[in-house]
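Input: a single structure, listed below in structure tokens.
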Amino acid sequence: MKAIISERYGSPDTLILSEVPVPTPKENQVLVRVRASSINFGNYVLLSGKPRLARLVFGLMKPKYPIPGGDMAGIVEAVGANVTRFHTGDEVFGDLSSSGFGAFAEYVVVDEKILALKPTNLLFTEAAAVPMAATTALQAIRDKGKLKIGQKVLIQGASGGVGTFAIQITKASGAEVTAVVSTRNVEIAKSIGADKVIDYKKVDIKNHHQTYDLILGVNGSQSITTYKRMLKENGVFIHVGGESSQMYQTMVQRSWLSMTGKKKFSTFLQRANQKDLELMKELIEEGKIKPVIDSVYSLSDVPDAFRYFEQGHSQGKVIIEI
Ligand SMILES: NC(=O)c1ccc[n+]([C@@H]2O[C@H](COP(=O)([O-])OP(=O)(O)OC[C@H]3O[C@@H](n4cnc5c(N)ncnc54)[C@H](OP(=O)(O)O)[C@@H]3O)[C@@H](O)[C@H]2O)c1
């Protein structure tokens, strides 16, 4: 089969399109013919080996997982002897980032417990946008943020892969969404459900006087004192991603800030989860959520897809069609 191979840490130039054997599923695994994947920041860490601390997980000297690609949508080709939930021909999707990646290839083997049936109303290229980005937004909003109906939510950096799902999941949860995006993303933010939009190219959020129950720091960076001022008395700030200053400030100051008042500050790490994927399938089939796709690249153009993604300005998700 054709696969993108990453044999050493480095730039997208190190990625090579190669011929490798089709993998064989073990007892609890299914073999999936991959139809599409997408790029997340985790793929970028696996490619570059940066930050260096990540090499403890991804391999000290070279990538432990030679075929990148975490998000996957495809068709079950064969099943292992103990697989009960899936059958040949099922259309499935999943997040392979905690189980060895491998989706930038024509076939991949996947443990059945991390897969779900693909939403029936999505193309493979749309379904591949969902697993990591949507479950990141879901887990941040529901599990960490404990969002309630009617609450006010600010999403800092709402126009990328995670942010576009965060807007829609917040809206579907019955809360009011304010999205912070640049001028070119104002219309898309409104079209997917943002009640209010702050254009960070025109308005300095430091001069914004609204307060929020929940603030998600998804992209860009604001000082933690700005977030503190913008939180309601019992408000919660969740660091999801963005510039490293946003992460370090939260990591260093969260305990002290959380102890010295009722406002809470925390960081967060997404975990692949089958039940969350099934919930996303339901919400998508009910028409409450729709992936926003920036662009679609072929398998041989994965290096270009990375070069584009690493600029950090995609509107929604960057997809790989296989
Ligand atoms: N905690 C976790 O478990 C977890 C899981 C997944 C991802 N993440 C993190 O979440 C972050 C978002 O991931 P993603 O896949 O959504 O990224 P992405 O798709 O690359 O985000 C790109 C978007 O960010 C916007 N942006 C860039 N600079 C901005 C700024 N200063 N202010 C506001 N918006 C800005 C861009 O629009 P403009 O350039 O037009 O502003 C673009 O639309 C990443 O840092 C990633 O590492 C964390």
Gaussian network model of the chain, springs between alpha carbon atoms under 10 Å - residue of VAL109, VAL83, VAL203 with greatest fluctuation: VAL203
Estimated inter-spin distance, LEU56 and SER245, nm [label 7 Å along Cα→Cβ]: 2.7
For the range 215-278 and the range 88-124, compute the distance between their C-alpha centroids and round to whole Å. 30
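Rank SER37, SER245, SER18 by accessible area, highest first, at a 1.4 Å probe radius?
Values: SER37 0, SER245 55, SER18 35 Å².
Output order, biggest surface exposure first: SER245, SER18, SER37.
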Express the C-alpha Rg of the range 1-150 as a ratio against the empirical globular expectation 2.2 N^0.38 Å, rounded to two decimals. 1.08
Taking a probe of 1.4 Å, how large is the accessible area per residue of the chain, in Å²? 45
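Protein chains only, probe 1.4 Å: how do VAL252, VAL130 rank by accessible area, largest first? If you can, show how the numbers build up before the last one.
On the way: VAL252 115, VAL130 0 Å².
Putting VAL252, VAL130 in descending order of accessible area: VAL252, VAL130.
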Tell me, how many Å apart are the Cα centres for the range 128-198 and for the range 38-77? 26
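When the Kirkwood radius is taken over all Cα pairs of the range 130-224, what Stokes-Einstein diffusion coefficient follows at 10 °C and 1.306 mPa s, in µm²/s?
Working: Rh = 13.0 Å.
So the translational diffusion coefficient is about 123 µm²/s.
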For the range 109-229, give the magnitude of the charge dipole about the Cα centre (Cβ charges: +1 Lys/Arg, -1 Asp/Glu; no others), in debye to the nearest 20. 400
Among SER300, GLN249, GLN139, pick out the residue whose Cα is farthest towards the positive end of the charge dipole of the chain, where Lys and Arg carry +1 and Asp and Glu carry -1 on C-beta, about the Cα centre. GLN249
The farthest towards the positive end of the charge dipole of the chain, of the residues THR267, SER191, GLY157, given +1 on Cβ of Lys and Arg and -1 on Cβ of Asp and Glu, is THR267
So, over other residues within a Cβ distance under 14 Å of GLY42, counting Lys, Arg +1 and Asp, Glu -1, the net charge is +2
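About the Cα centre, and with charges only on the beta carbon of Lys, Arg (+1) and Asp, Glu (-1), how big is the dipole of the range 12-111? Nearest 20 debye, please. Please list the in-between numbers first.
Details: 9 positive and 10 negative charges, 103 e Å.
Here the size comes out at about 500 debye.
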Mind checking the log10 I(q)/I(0) for the range 193-305 at q = 0.18, 0.21, 0.22 Å⁻¹? Debye, one equal scatterer per Cα, no solvent, two decimals. -1.09, -1.19, -1.21
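Determine the dipole magnitude for the chain: charges of +1 sit on the beta-carbon of Lys and Arg, -1 on that of Asp and Glu, nothing else is charged, the reference point is the Cα centre, and the result goes in debye to the nearest 20.
Details: 39 positive and 32 negative charges, 310 e Å.
Rounded to the nearest 20 debye, it is 1500 debye.
Against the globular-protein guess of 2.2 N^0.38 Å, express the Cα radius of gyration of the chain as a ratio, rounded to two decimals.
0.99
Counting alpha carbon pairs within less than 8 Å and at least 6 residues apart, what relative contact order, in whole percent, applies to the range 1-148? The partial results should precede the final answer.
Working: 310 pairs, mean separation 42.0, N = 148.
Taking the mean separation of contacting Cα pairs over the length of the range 1-148, I get 28 percent.
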Of LEU17, ILE4, LEU47, which is farthest on the positive side of the dipole of the range 1-156, counting Cα position, with +1 on Lys and Arg Cβ, -1 on Asp and Glu Cβ, and the Cα centre as origin? LEU47
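What ranking of MET247, MET280 comes out by heavy-atom accessible area, probe 1.4 Å, highest first? Walk me through the intermediate numbers first.
Details: MET247 60, MET280 0 Å².
From most accessible down to least: MET247, MET280.
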Calculated FRET efficiency for the pair LEU117/THR226, C-beta based, R₀ 41 Å, to 0.05: 0.45
In the Gaussian network model of the chain, springs joining C-alpha atoms below 10 Å, which of VAL186, VAL153, VAL110 carries the largest mean-square fluctuation? VAL186
Using a Gaussian network model on the chain with a 10 Å cutoff between Cα atoms, which of MET251, MET72, MET259 fluctuates the most? MET259
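Could you check how much of the accessible area of the chain is carbon and sulfur, as a whole percent, using a 1.4 Å probe?
Working: 7760 of 14550 Å².
Ligands and nucleic acids excluded, carbon and sulfur reach 53 percent.
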Along Cα→Cβ, 7 Å out, is where each label goes; now give me the distance between the ones at HIS208 and GLU278 in nm to one decimal. 3.7
Length-normalised contact order of the chain in % [C-alpha pairs under 8 Å, at least 6 apart]: 19
Put one equal scatterer on each alpha carbon of the range 251-297, apply the Debye formula with no solvent term, and list log10 I(q)/I(0) at q = 0.16, 0.22, 0.31 1/Å to two decimals. -0.74, -0.81, -1.07
Within the chain, helix-based [θ] at 222 nm, where runs of 4 or more DSSP H residues each add -39,500 (n - 2.57), nearest 500: -7500 deg cm²/dmol
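The values are calculated or read from the model by the stated rules, or taken from the named source; none is laboratory data. Keep in mind that this is a model prediction, so the values were computed, not measured. Note that we place each Cβ from the backbone using ideal geometry, even for glycine, and neighbour counts take in every protein chain shown. Keep in mind that these areas ignore ligands, DNA and RNA; they rest on the heavy atoms of the full protein, side chains included. Shrake-Rupley method; radii C 1.70, N 1.55, O 1.52, S 1.80 Å.
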